[in-house]
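> For reference, the structure I am asking about is given below.
The values are calculated or read from the model by the stated rules, or taken from the named source; none is laboratory data. Everything numeric in this text was worked out from a predicted model, so none of it was measured. Neighbour counts are summed over all protein chains in view; Cβ atoms, including those assigned to glycine, are modelled from backbone coordinates with ideal geometry.
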Amino acid sequence: MKISTRWLKEYFPSNVKPEELARRLTLGAAEVESVTPVAEHLHHVKVGEVLSVSDHPDADQLHVVKVGLGGKTPTAIVCGASNVREGQKVAVALPGTTLPSEEGNWTIEARTIRGVVSHGMICSEKELGLGLDHDGILELTPKAKIGATLAEVLGLNDTILEIENKSITHRGDLWSHIGIARECGVLFGKPISVPVPPSVHGAHHRRLVVEVGDAAACPRYLGVLMDHIKMGPSPRWMQDRLTGVGIRPINVVVDITNYVMMEWGQPLHAFDAQRCDASEKGAKKVVVRRAKRGEQLTTLDGVKRKTDPTMLVIADEHHPIAFAGVMGGEHSAIHEKTSSLILEAAFFDPITIRQSAQQLGLRTEASQRFEKKLSPVVTEYAFRRAVALLTGLAGGRVASEVVDVTTKPLKKQMAQPASLRMNTETFEQQLGFSLSKSRIVSILRALEFEVKDGSSSSLTVTPPHFRPDVRLSEDVIEEVARVIGYENIEPKPLLGLLEPVRRSSEHEIEKRVSEVLVGAGFNEIYSYSFYGEDVLKKSGFKKSDHFELTNALSQDLKYLRTHMAPKMLAALKFNQKRFSQQWLFENGRVYCGEEASRIAGVMMGVADPFLRLKGAIEQCFRHLDVSWEEKVVTKSEASEQDASLFDAQTILSCWAQGEEIGRMAMLHNDTRQRFGLKSDVAYAELHTQALARVWKPAYRIAGIPIFPSVLLDIAIVVPAEVRWQEVEAVIRKHATSLRRLELFDVFIGPQIGEGKKSLAIHLEFNHPKKTFDQKEADVIQQKIITSLKRRFGAVLRS
Amino acid sequence: MKKTIQSFVEDIKKKIKDLNDPATIEKLEVEILGRKGAFHHLLKQIKSLPEKERPAIGKFANEAKGALTDLFQQAVSGSVQPLSTSAQPLLDVTQPGIPLAPARGHHHPLSIVKQELAEIFLSMNYQVVEGPELDTEWEVFEALNIPPTHPARDIQDTFFVNREKEVRGKSSYRWVMRTHTSNMQVRVMEKMKPPLRSIAIGRCFRNEATDASHEHTFYQLEGFAVDEHVSVANLVATLKTMLESFFRRKVNVRLRPGYFPFVEPGFELDCSCLLCGGKGCSVCKHSGWIEMLGCGLIHPNVYEAVGYPKGKYTGFAFGMGIERLAILRYGIKDIRLFESGDLRFLNQFE
């Protein structure tokens, strides 16, 4: 919202600089986003004197004008205006000057118009953004000094404060100059002058009937008929003020309603009375009701809009004439021939207005204010002020009684506003510094709160009518604190019992695993939690397994991921042009029924990607001191998603204490191709919560062996499909006192025959109480070999 | 005679100074101090002196010889050793180090920031908790004093999920992707009683189009402390300590009014500009301050929603964007890089 500092001075007469106003408001009331001199371009437009006017040699409608700007040589400008005359003082925009326009800013350049070079432009009122007149150039007073800036001549030395709307969402009263002036008065400790507009005396020669059909949505409605309206533009000063705060001047009536809105924060509306259907006996009737099914209304912006039964409308006898609090209808709008009008000032239910604005997709200056809690007292002040201005500036005369429809509860609330009982000690407790009662009372009174000073530390506080946002004692404390200045609060460390704290074990697992993976050479990536239909297709996932965003940003970001792999594969694809080798991991959530945390890793572009990735995962388990078991997952046991992504022969699952803590597999070739990946990909995931549950480190080590070990190396040839897990089980069954068992080489090649593999194994035997006997080792070796022979047809390799 | 010896010694000293090859120095030593050397020759003159003077001069000459011998020794040991005498003849210590194999990978910048923040808060006795990203309107809005009609509930800001509504008593709540980590205030307080000091760091979502400074997926740190006498002054101290620990320097902080439905009073916290230190620069838009986070004292309606007795506790809460800290620290120009998976970006964080 924009605030004109010049306008503000009318209520807050002080010479505080705009920058200081902005600083103090930001620290004490509302964030000021920017401080900008008004109509900055007018500081660059110069006053010139027309020295001569001659016809353009090649265009009937154009003139070549010589303009004196105070320099030695006059400037030649091509001008099409019919009112250009010798001796005039005019506004000249020289090349390089930027002017505003409805389509955006544009910069003047020297250009050739039908063979004559024009070194700038003589501007009309509209071109300068000063008004609507585009019939001819703007004629300045003969007293205007040649070469001076237009800003100086027009006295437009105003500065605009742009207030961040979000910072005043809860403060309906601050959406106005008077509201901001009140804040300034308190923050600078200076008096303000806000005159209460005089009450309106009704007349009797015409009648206005107001029927409020939905009192909850419209607790107060003020209306009056006015006639003798003389249409035309509003006075210059009013237009300047409106332009300054970003509102386009339209005509005197509309400008007055807008002006009062910017002054008091209360939106108003004026209807052309002749365009409203008359009810019985010539009386005008206004109905405030919910829209009826099928009703339509073309709004001021020329758009035909459908209503909805939840929307509140203002209607005449038959049709809606406005969306209450949002925008008026085109048909009943004030136009250049309007002579009588109905003025409306209403106090609506904020939620109703917000909902209809939302449904209409229309956010107007009016709806933005009505969405907040406003003051029903200000409704009347603004109404009075508008009547006074319409009388004074548009010749209007009150033609009917003032109709005031106010609900009983609201009347009661206005007569007896709610008050709060407070204890001054609470201020100190919550703010953390001591505060005298007299200081509290004086600040609250400056804020126009009514304060009854009770005994000792008690206070009874009644917020003023324009502060409906203050309802709790916390709200009152805030008021006092912000006036004192939050920046003056001395930091004090929080005291309390120190108790041992820790990260959640999930967080701990993530931290530790990440450390291992980064140490091993993996790079951590983050990716979105959503994917689209194309990813579902590439992954072979079912739509029905997914939660879906009902209001997704795009088709690619529609489904909540149920598996970590797809987005990681996408990352591999993204990077593969530049990085042939990629080891990635991600900590993230999947949402399959319940939300679960995963740490997923992929490896691409290396030899033996599966075993390497497995090595990294084993390292993670060892680091966490978790002992695990492996289970080979058969195709029928694999989840549907895993079966679709991975090579079903390669899925391995890791278990600890009856929980699955991780899983790994090779990507299926088809999946790889669908994702456009150049080489084999291994995938692994850890189930963070399960790991957190089984993570109970034993912190135990084995002692250093006292007696020497016996080392044994065996190399056996087995059929290639025999799994190490099975071989290992056989060895462990026979090997007592086995300290170490290591598969140190796997070899497949013609030397050992088709369909075979050679396994080379280190065995280390050690007995805690005696030297392990070499003979005993030989016996064990023999048993192992015999057993392997029987089980797998293994052959000892010499 | 004394003078002659002295000037002889000075001469030699000068000569030695100019030499740095040990062989040449040793050769000169023989020429001077050798049995047929120049010094010996000089000493012969002592015999021709009167007998009375001889012992003194003799002593002086001996001392001079000793000094010269020391000088030669020092010169030899101090001169540059030829390479060939080193045990590491081919080691060029200025060559780049050999990278570890495999080279260490890279943590994501947001993980680095998240971990550091967790450490800071652990050191201040805050527990670090985790919670769901997909949560219901109760935890994300309702219990936080954000009623259905509040602007923050606008469909434009929140992603809704087609999951069956969660029923609680008579009300049922839709599922949403959390728009802030403040749902953790509700979740922790519903389970635990004060005194409480907790932080939650996690992923949040907002339904807004992305560009260089906007993301629909982002991270927040939520922190809160609830006890019987927690004040605004405590809040300021906590946040100042946090920022100073994170940026590893002194900073100034200031509160100004801010509006968040779940706190009252609510504040925006500004931190003195990290680039210019408060003098004014383009980063702080010449104000000397940068907006850091939103905070305030927890609203009484929140205590009511989680079932705490009325008026018993006070507490503060704050919510801070993690990306913002990373952007400020590393000078990242485009927020979308965080979720891009682009290794050219990620490889830069050690």
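> Tell me, please, whether a residue that is more than 8 Å from every other protein chain (Cβ to nearest Cβ), of a type outside the set (S, T, N, Q), outside any helix (DSSP H, G or I) and over 30 Å from the mean Cα position of the chain (by Cα) can be found in the range B:128-135.
Yes, because at least one residue in the range B:128-135 is more than 8 Å from every other protein chain (Cβ to nearest Cβ), of a type outside the set (S, T, N, Q), outside any helix (DSSP H, G or I) and over 30 Å from the mean Cα position of the chain (by Cα).
> List every residue pair whose Cβ atoms lie under 9 Å apart, where the two residues are 6 or more positions apart in sequence or sit on different chains, the first residue falls within the range A:258-276 and is free of Cβ contacts under 8 Å to residues at least 60 places away in the same chain, and the second residue, located anywhere, is part of a strand (DSSP E or B) and of a type in the set (A, V, I, L, M, F, W, C).
Partner pairs satisfying both residue conditions: A:ARG275/A:ILE321.
Table: residues versus (1) in contact (Cβ under 8 Å) with a residue 60 or more places away in the chain; (2) in contact with an Asp or Glu (Cβ under 8 Å, 6 or more places away or on another chain).
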{"site": "B:PRO109", "(1), (2)": "yes, no"}
{"site": "B:ILE112", "(1), (2)": "yes, no"}
{"site": "B:ASN125", "(1), (2)": "yes, yes"}
{"site": "B:THR136", "(1), (2)": "no, yes"}
{"site": "B:ASP157", "(1), (2)": "no, yes"}
{"site": "B:ASN162", "(1), (2)": "no, yes"}
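> Where in the range A:599-691 are there strands (runs of 3 or more DSSP E), lying wholly inside it, with at least 3 residues that are under 39 Å from the mean Cα position of the chain (by Cα)?
A:659-666, A:681-687
> Moving on. Can you confirm whether the range A:605-612 contains a residue that is touching a residue at least 60 places away in the same chain (Cβ under 8 Å), facing chain B (nearest Cβ under 10 Å) and surrounded by 15 or more Cβ atoms within 10 Å (Cβ to Cβ)?
Yes: one or more hits.
Here is a yes/no grid of residues against (1) of a type in the set (S, T, N, Q); (2) farther than 30 Å from A:SER505 by Cα:
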{"residue": "A:TRP695", "(1), (2)": "no, no"}
{"residue": "A:TYR699", "(1), (2)": "no, no"}
{"residue": "A:ILE706", "(1), (2)": "no, yes"}
{"residue": "A:LYS733", "(1), (2)": "no, yes"}
{"residue": "A:ARG739", "(1), (2)": "no, yes"}
{"residue": "A:GLU742", "(1), (2)": "no, yes"}
{"residue": "A:PHE772", "(1), (2)": "no, yes"}
{"residue": "A:GLN782", "(1), (2)": "yes, yes"}
{"residue": "A:ILE785", "(1), (2)": "no, yes"}
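> While we're on this one: Count, please, the residues in the range B:16-26 that happen to be within 15 Å of B:ASP70 (Cα to Cα) and either hydrophobic (A, V, I, L, M, F, W, C) or surrounded by 12 or more Cβ atoms within 10 Å (Cβ to Cβ) (or both).
4
> If a residue must be part of a helix (DSSP H, G or I) and touching a helix residue (DSSP H, G or I) at 6+ places or on another chain (Cβ under 6 Å), how many such residues does the range A:347-375 contain?
Total satisfying the criteria: 4.
> Looking at the range A:1-50, which of its residues are touching a residue at least 40 places away in the same chain (Cβ under 8 Å) and under 30 Å from A:LYS72 (Cβ atoms)?
A:ALA39, A:HIS41, A:LEU42, A:HIS43, A:HIS44, A:VAL45, A:LYS46, A:VAL47, A:GLY48, A:GLU49, A:VAL50, listed by residue number.
> Could you run through the range A:507-517 and say how many residues are buried (at least 21 other Cβ atoms within 10 Å of the Cβ) and either at the interface with chain B (Cβ under 7 Å from one of its Cβ atoms) or in contact with a His (Cβ under 9 Å, 6 or more places away or on another chain) (or both)?
Residues flagged as buried (at least 21 other Cβ atoms within 10 Å of the Cβ) and either at the interface with chain B (Cβ under 7 Å from one of its Cβ atoms) or in contact with a His (Cβ under 9 Å, 6 or more places away or on another chain) (or both) within the range A:507-517 amount to 4.
> Still on this structure, I have one more. Would you check if there is a residue in the range A:653-668 being farther than 30 Å from A:SER505 by Cβ and acidic (Asp, Glu)?
The answer is no; no qualifying residue exists.
> OK, next. With the condition kept exactly as written, say whether any residue in the range A:484-497 is at pLDDT below 90, within 7 Å of chain B (Cβ to nearest Cβ), surrounded by fewer than 21 Cβ atoms within 10 Å (Cβ to Cβ) and within 30 Å of A:ILE178 (Cβ to Cβ).
yes
> Go through the range A:400-453 and report how many residues are within 14 Å of another protein chain (Cβ to nearest Cβ) and without any contact (Cβ under 8 Å) to a residue 24 or more places away in the chain.
Looking only at that region, the number is 3.
> Which one of B:VAL176, B:VAL186, B:VAL167 is in contact with a helix residue (DSSP H, G or I) (Cβ under 7 Å, 6 or more places away or on another chain), more than 9 Å from every other protein chain (Cβ to nearest Cβ) and not in a helix (DSSP H, G or I)? Don't jump to the end; show me each part of the working.
On the way: B:VAL186 fails: not in a helix (DSSP H, G or I); B:VAL167 fails: in contact with a helix residue (DSSP H, G or I) (Cβ under 7 Å, 6 or more places away or on another chain).
After applying the criteria, what remains is B:VAL176.
> To continue, here is another question. Only one of A:GLU317, A:GLU344 is buried (at least 24 other Cβ atoms within 10 Å of the Cβ), in contact (Cβ under 8 Å) with a residue 24 or more places away in the chain and of a type in the set (D, E, K, R); which?
A:GLU344
> Residues being within 21 Å of A:ILE247 (Cα to Cα), within 14 Å of chain B (Cβ to nearest Cβ) and surrounded by fewer than 21 Cβ atoms within 10 Å (Cβ to Cβ): count how many of those fall in the range A:9-39.
4
> Hey, another quick one. Restricting the search to the range B:203-216, which residues are facing chain A (nearest Cβ under 9 Å) and in a strand (DSSP E or B)?
Keep residues of the range B:203-216 that are facing chain A (nearest Cβ under 9 Å), which gives B:203, B:205, B:207-210, B:216.
Scanning the range B:203-216 gives B:ARG203, B:PHE205.
> Then there is this: Could you grab me the full set of residues in the range A:214-261 that are of a type in the set (Phe, Trp, Tyr) and within 22 Å of A:LEU130 (Cβ to Cβ)?
A:TRP237, A:TYR259
> Okay, next question. Give me the residue from the range B:119-144 that is of a type in the set (Phe, Trp, Tyr) and farther than 17 Å from B:GLY223 by Cβ and, out of that set, surrounded by the most Cβ atoms within 10 Å (Cβ to Cβ).
B:PHE141
> Examine the range A:460-476 for a residue that is more than 9 Å from every other protein chain (Cβ to nearest Cβ), crowded, with 16+ Cβ neighbours inside 10 Å and of a type in the set (Lys, Arg), and state whether such a residue exists.
Looking for residues that are more than 9 Å from every other protein chain (Cβ to nearest Cβ), crowded, with 16+ Cβ neighbours inside 10 Å and of a type in the set (Lys, Arg), one finds at least one in the range A:460-476, hence yes.
> Where residues in the range B:136-164 are at the interface with another protein chain (Cβ under 9 Å from one of its Cβ atoms) and among the β-branched types (Val, Ile, Thr), which of them is nearest to the chain's Cα centre (by Cα)?
B:THR158
> Return the total of residues in the range A:558-593 being more than 9 Å from chain B (Cβ to nearest Cβ) and either of a type outside the set (D, E, K, R) or assigned to a strand (DSSP E or B) (or both).
Number satisfying all stated conditions: 13.
> Across the range A:227-266, what is the number of residues that are of a type outside the set (Asp, Glu), more than 26 Å from A:VAL153 (Cα to Cα) and outside any helix (DSSP H, G or I)?
6
> Search the range A:280-309 for residues being buried (at least 18 other Cβ atoms within 10 Å of the Cβ) and of a type in the set (Ser, Thr, Tyr), and hand back the single one that is farthest from A:LEU222 (Cα to Cα).
A:THR307
> In this structure, does B:ASN252 turn out to be surrounded by fewer than 23 Cβ atoms within 10 Å (Cβ to Cβ) and touching a residue at least 60 places away in the same chain (Cβ under 8 Å)? Before the answer, list the steps.
Numbers: surrounded by fewer than 23 Cβ atoms within 10 Å (Cβ to Cβ): yes; touching a residue at least 60 places away in the same chain (Cβ under 8 Å): no.
Against the criterion (surrounded by fewer than 23 Cβ atoms within 10 Å (Cβ to Cβ) and touching a residue at least 60 places away in the same chain (Cβ under 8 Å)), B:ASN252 does not qualify.
> Hey, among the residues in the range A:518-549 that are within 11 Å of another protein chain (Cβ to nearest Cβ) and touching a Ser or Thr at 6+ places or on another chain (Cβ under 7 Å), which one's nearest to A:PHE585 (Cα to Cα)?
A:GLU524
> Further question on the same structure: Give just the number: which of (1) surrounded by 23 or more Cβ atoms within 10 Å (Cβ to Cβ); (2) farther than 18 Å from B:SER340 by Cβ; (3) over 20 Å from the mean Cα position of the chain (by Cα) does B:ASN207 not satisfy?
Every condition holds for B:ASN207 apart from (1).
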